[in-house]
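Okay, structure first, notes after.
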Amino acid sequence: MASLPGSGNPRQIEQLLNDMFPADWLRETASAVGCVQRQRKVDPVTFFWVLVLGFGVGVQRSLASLRRAYETVAGETLVPSAFYDRFHPKLLAFLRACLTRGIDELVAHTSLALGEKLQGFKDVVVADGTILRLHDQLAPVFPGARHLAELKIHLVSGITTNTKTIRLYPGKTAEIQTLRVGAWVRDCILLFDLGYFKYQLFSRIRRNGGHFVSRLKDSANPTIVRVLRTHRGAVRDLTGQRLRDILPGLQREVLDVEVAVTFRRRVYRGRTTPATERFRLVGVRDPETGAYHCYLTDLSPEQLRAEDVAQLYRARWSIELLFKELKRLYQLDVITSAAPVVVEALVLTALLTLVVSHRILNHLRSLVPAQAARFTPLRWAEVFTAATIRLLPQVLAVAGVTDDPFWVMLFMMQEAPDPNLTRDRLLDPWTQPQPLDG
């Protein structure tokens with residue numbers, strides 16, 4: 001049998017994760033943010049990895065099962081309240097620090113690069129949000145738009161650099177209010193769905209040296225000021241016309257024009273000022289329906305052909321796959337707690353699991369670069385989820401967390417008995433216990 005790539009170290013995945021989150025760093029960070037005051041039975045290293053490789057992949061779906069998983073791995077018996085008390089605001093600070101470090105590690109070990117058509121750009125960045133329905137009792141903290149209580153996870157993700165910015169908002173928060181434009185957009189191409197369609201936003205991106213591609217709103221009706229692609233034969237002069245006036249009778253396969261849009265800039269010192277800007281509008285005709293898929297961008301024809309603009313926009317689907325991965329495989333849709341801190345902790349846990357999973361994925365891709373494209377995220381997530389039951393104890397072993405060989409029996413003997421001593425049981429009148437032989 002052919003040897004595995006990098007098989008010289010049989011514990012390379014476990015070591016990789018310990019390099020990503022060293023045991024000393026986890027303990028020091030937990031202490032620095034006040035997550036632990038002193039060494040007790042709840043060890044931050046064991047607690048962290050049981051969260052990320054246990055609850056994060058759905059092996060445990062409740063705090064009770066999570067406590068049992070911790071006890072099994074740590075070889076410690078915990079009073080339930082001692083475990084549940086770990087879920088407090090300082091745990092959130094600890095998990096956020098871990099998420100920041102994890103993203104930095106992910107960025108430092110990226111395995112993708114932009115192709116030839118996008119040479120000169122730093123990255124393609126996708127922004128979007130997803131909604132989680134929460135327990136109705138959380139409505140005062142996380143008011144929703146469609147349900148009483150909702151949480152919005154807003155994610156800005158770099159496709160090749162793996163940069164990620166993650167923020168949590170109440171569900172009714174508009175998407176346009178969740179994106180903060182700054183110097184970070186320089187030389188990046190940002191892809192937006194209609195929830196972010198706002199000329200003010202596009203203007204700010206341009207002023208900060210970035211670029212964008214967005215679907216065009218049905219209500220948008222800009223004025224065409226210049227045709228950027230010439231067509232053979234006698235064609236209509238579109239200059240000076242409004243887009244919605246010419247689209248119904250247009251026959252060309254590709255529309256590539258410059259348009260003028262008017263809007264009001266953000267309030268400054270209590271006043272808003274009108275503004276006019278020019279952007280590029282690309283329309284690609286659907287061969288089946290005959291309708292045009294229209295996109296607004298500031299990329300010039302020299303930077304990207306019209307057909308490539310439409311093709312690039314499809315890369316926005318990558319963030320939908322991330323949300324699908326988070327919800328379907330990392331259990332974001334099964335958080336039933338009515339405690340705000342528990343909800344935020346488990347959401348951060350799912351995000352950490354995603355980051356850890358993609359760090360391993362990048363490593364595997366780097367071992368076989370010729371086959372890297374075959375390691376698709378959703379298929380990988382299913383493989384990762386299945387492997388965590390074996391991965392968790394091995395990661396802890398590399399971290400120096402050892403187990404007691406007698407602990408499993410002791411744990412079972414303690415947890416298995418029903419704590420209700422007076423409960424009637426179905427078989428009590430008909431059976432009696434027998435001692436074991438030998």
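May I ask you to list the residues in region 202-213 that are buried (at least 17 other Cβ atoms within 10 Å of the Cβ) and either within 17 Å of residue 174 (Cα to Cα) or without any contact (Cβ under 8 Å) to a residue 24 or more places away in the chain (or both)? The answer is 202, 204.
Could you grab me the full set of residues in region 92-147 that are of a type in the set (Phe, Trp, Tyr) and in a helix (DSSP H, G or I)?
94
Among the conditions (1) in a loop (DSSP other than H, G, I, E, B); (2) more than 13 Å from the chain's Cα centre (by Cα); (3) modelled with pLDDT under 90, residue 162 misses just one, which is (2). Taking the stated definitions as given, is residue 153 part of a helix (DSSP H, G or I) and open to solvent by less than 30 Å² (accessible area, probe 1.4 Å)? When the stated conditions are applied, residue 153 does not pass them. Count of region 326-362 residues, restricted to those that are in contact with a Pro (Cβ under 9 Å, 6 or more places away or on another chain), open to solvent by 10 Å² or more (accessible area, probe 1.4 Å) and of a type in the set (A, V, I, L, M, F, W, C), is 1.
Within region 165-178, track down each residue that is out of contact with any Lys or Arg (no Cβ under 6 Å at 6 or more places or on another chain) and open to solvent by 20 Å² or more (accessible area, probe 1.4 Å). Scanning region 165-178 gives 165, 166, 167, 168, 170, 172, 174, 175, 177. Within region 192-204, is even one residue within 20 Å of residue 261 (Cβ to Cβ), part of a strand (DSSP E or B), of a type outside the set (S, T, N, Q) and modelled with pLDDT under 95? Taking every residue of region 192-204 in turn, at least one turns out to be within 20 Å of residue 261 (Cβ to Cβ), part of a strand (DSSP E or B), of a type outside the set (S, T, N, Q) and modelled with pLDDT under 95. Pairs linking a residue in region 275-294 that is within 20 Å of residue 227 (Cα to Cα) to a residue that is of a type in the set (Asp, Glu), with Cβ atoms under 6 Å and 6 or more positions apart or on different chains, are 278/258; 279/298; 280/258; 282/256; 285/253.
Condition (residue is over 20 Å from the mean Cα position of the chain (by Cα) and modelled with pLDDT under 85) applied to region 391-398: is it met by at least one residue? No: region 391-398 contains no residue that is over 20 Å from the mean Cα position of the chain (by Cα) and modelled with pLDDT under 85.
Taken over region 121-150, residues that are small (Gly, Ala, Ser) and open to solvent by 70 Å² or more (accessible area, probe 1.4 Å) amount to 1.
The values are calculated or read from the model by the stated rules, or taken from the named source; none is laboratory data. Computed from a predicted model, the values in this text were never measured in an experiment. With ideal geometry, Cβ positions are generated from the backbone for all residues, glycine too; neighbour counts draw on all protein chains shown. Note: accessible area is taken over every heavy atom of the protein model, side chains too, but ligands, DNA and RNA are not part of it. Shrake-Rupley method; radii C 1.70, N 1.55, O 1.52, S 1.80 Å.
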